[in-house]
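S.K.: I'd like to ask you about the structure that follows.
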Amino acid sequence: MFDDLRNRFDFFIRSKTKFSRKNYRGEAENPESEYVYDILSKFMKPKERDSLRVLDIGSKNWAYVRGEYRFFRQFSPNLELDGVEIDAYRLYSNFYSRYEAAKFYIKGLEGANYYPDDLLNIGGKYDYIVWLLPFVTPYPLKRWGLPERYFMPEKLLKHAYGLLEREMFIVNQGEEEAEIQRALLEKLKIPYEFLGTISSKALEFKNLRYGYIIKKDNY
Ligand SMILES: C[S@@+](CC[C@H](N)C(=O)[O-])C[C@H]1O[C@@H](n2cnc3c(N)ncnc32)[C@H](O)[C@@H]1O
C-alpha cells in the first residue's frame with residue numbers, strides 16, 4: 001500500500017517533469033545487444049519483404065536496439081523498428097533518463113523510433129513483435145517502480161496480439177513466470193509454440209529464461 005503510493009507519486013513526478021541530464025554516451029555495441037541478436041537469430045524466422053514493421057515492447061533504455069535492428073534489417077531494406085516504454089523518464093543514478101539513453105542507442109539507425117508511452121496507446125499493425133521480460137506477476141512491476149494500476153498482463157497481451165501480423169517472440173524470466181505466461185496465452189486462446197530455455201553465450205543470467213513464439217493464423 002505505502003509502496004504503491006510512493007511509486008504512484010514518483011512515477012507522476014518523473015512523467016511530468018521529464019527531467020534528465022542531456023547527451024548520454026555509452027557503448028552502442030554492447031553484450032545486451034549481442035545477446036538479443038543471438039536469441040533472435042536462433043528463434044525467429046522472418047521472411048524477406050520490401051518493408052517490415054517491428055515492435056519492441058517495454059524497451060527500457062533500449063541498450064539492445066542495435067542487435068534487434070541488425071537482425072531484422074537482414075530481411076528488409078525498409079525497416080521500421082519501434083520501441084515502446086511506459087517508464088521512459090526513470091532516472092539512473094547518473095541523472096540520465098532511459099529516454100535520453102535510448103536517444104543515444106538509436107542514433108544513426110534509420111527507421112528506429114523510441115516511444116515513451118503505454119503499449120495500450122500503440123495502434124496499427126506490426127509484422128514482428130519482440131517482448132522481452134513482460135511483467136506477469138505484480139511483485140517485479142512494483143520493484144521496478146511502476147504503479148500497481150499498470151499491472152495488467154492479460155490486457156497487454158491481448159493488445160499486443162491485436163497488433164500482430166506475423167510472429168511474436170516472448171521471453172520470460174524463470175519457470176514460474178513462464179508457466180504464468182503459458183496460462184495467459186491459453187486463457188486468451190492464443191496459439192503458441194513453447195521454445196524451452198533461451199540462452200546465449202553473449203550474456204548469461206542467474207535465472208533461466210524461457211521463450212514462446214506466437215504466429216498469426218494466416219502467416
Ligand atoms: C522487466 S523490464 C524488461 C526491459 C527490457 N525489455 C529488457 O529485456 O531489458 C519490463 C519493461 O516493460 C515496461 N512496461 C511495463 N508495462 C508497460 C506498458 N504498459 N507499456 C510499455 N512498457 C511497459 C517497464 O517499464 C519495463 O521497462
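S.K.: Assuming 0.36 nm per residue, please report the length gained on full extension of the stretch residue 107 to residue 29 beyond their Cα-Cα distance.
M.R.: Details: separation 78, 0.36 × 78 = 28.08 nm, distance 1.20 nm.
Full extension from residue 107 to residue 29 adds 26.9 nm.
S.K.: Report the Rg/Rh value for the range 172-218, based on alpha-carbon coordinates and the Kirkwood definition of Rh. Mind dumping the intermediate values first?
M.R.: Working: Rg = 12.0 Å, Rh = 11.5 Å.
That ratio is 1.04, to two decimals.
S.K.: Same structure, new question: Say R0 is 41 Å: what FRET efficiency, to the nearest 0.05, do residue 48 and residue 15 get from their beta-carbon distance?
M.R.: Working: r = 40 Å, r/R0 = 0.96.
Between residue 48 and residue 15 the formula returns 0.55.
S.K.: Taking the Cα centre of the chain as the origin and placing charges on Cβ (Lys, Arg +1; Asp, Glu -1), which of 33, 7, 208 is farthest toward the positive end of the dipole?
M.R.: Projecting each Cα onto the dipole axis, the largest value belongs to 7.
S.K.: In percent, what relative contact order does the range 1-72 have, based on Cα pairs under 8 Å that are 6 or more apart in sequence? It would help to have the intermediate numbers written out before the result.
M.R.: Details: 28 pairs, mean separation 32.1, N = 72.
45 percent.
S.K.: If N is the number of residues in the chain, what value comes out of its Cα radius of gyration divided by 2.2 N^0.38 Å? Walk me through the numbers before you get to the answer.
M.R.: On the way: Rg = 16.9 Å, N = 219, 2.2 N^0.38 = 17.1 Å.
Here the answer is 0.99, to two decimals.
S.K.: Just how far, in whole angstrom, is the range 44-73 from the range 87-159 if you go by their alpha carbon centroids?
M.R.: Cα centroid of the range 87-159 versus Cα centroid of the range 44-73: 15 Å apart.
S.K.: As an exercise, identify the trypsin sites (Lys or Arg not before Pro) in the range 178-216 lying in DSSP coil whose Cβ has no more than 12 other Cβ atoms within 10 Å.
M.R.: On the way: sites: 182, 187, 189, 201, 206, 209, 215, 216; in loops: 189, 201, 206, 216.
Here the sparse-neighbourhood loop sites are 189, 201, 206.
S.K.: State, as an integer percentage, the relative contact order of the range 2-215 based on alpha-carbon contacts under 8 Å between residues 6 or more apart.
M.R.: Working: 395 pairs, mean separation 46.9, N = 214.
Relative contact order of the range 2-215: 22 percent.
S.K.: A further question on this structure: Counting other Cβ atoms within 10 Å, which trypsin sites (Lys or Arg not before Pro) in the range 1-35 have at most 16 and lie in a DSSP loop?
M.R.: 18, 21, 22, 25
S.K.: Follow-up question, since we're still on this one. At what distance in nm do the modelled label points of residue 120 and residue 144 sit from each other, each positioned 7 Å from its Cα along Cα→Cβ?
M.R.: 1.5
Coordinate-derived values only; no laboratory data. Bear in mind the structure is a predicted one, so any value in this text is a computation, not a measurement. Cβ atoms come from the backbone with ideal geometry, glycine included; neighbour counts cover every protein chain shown.
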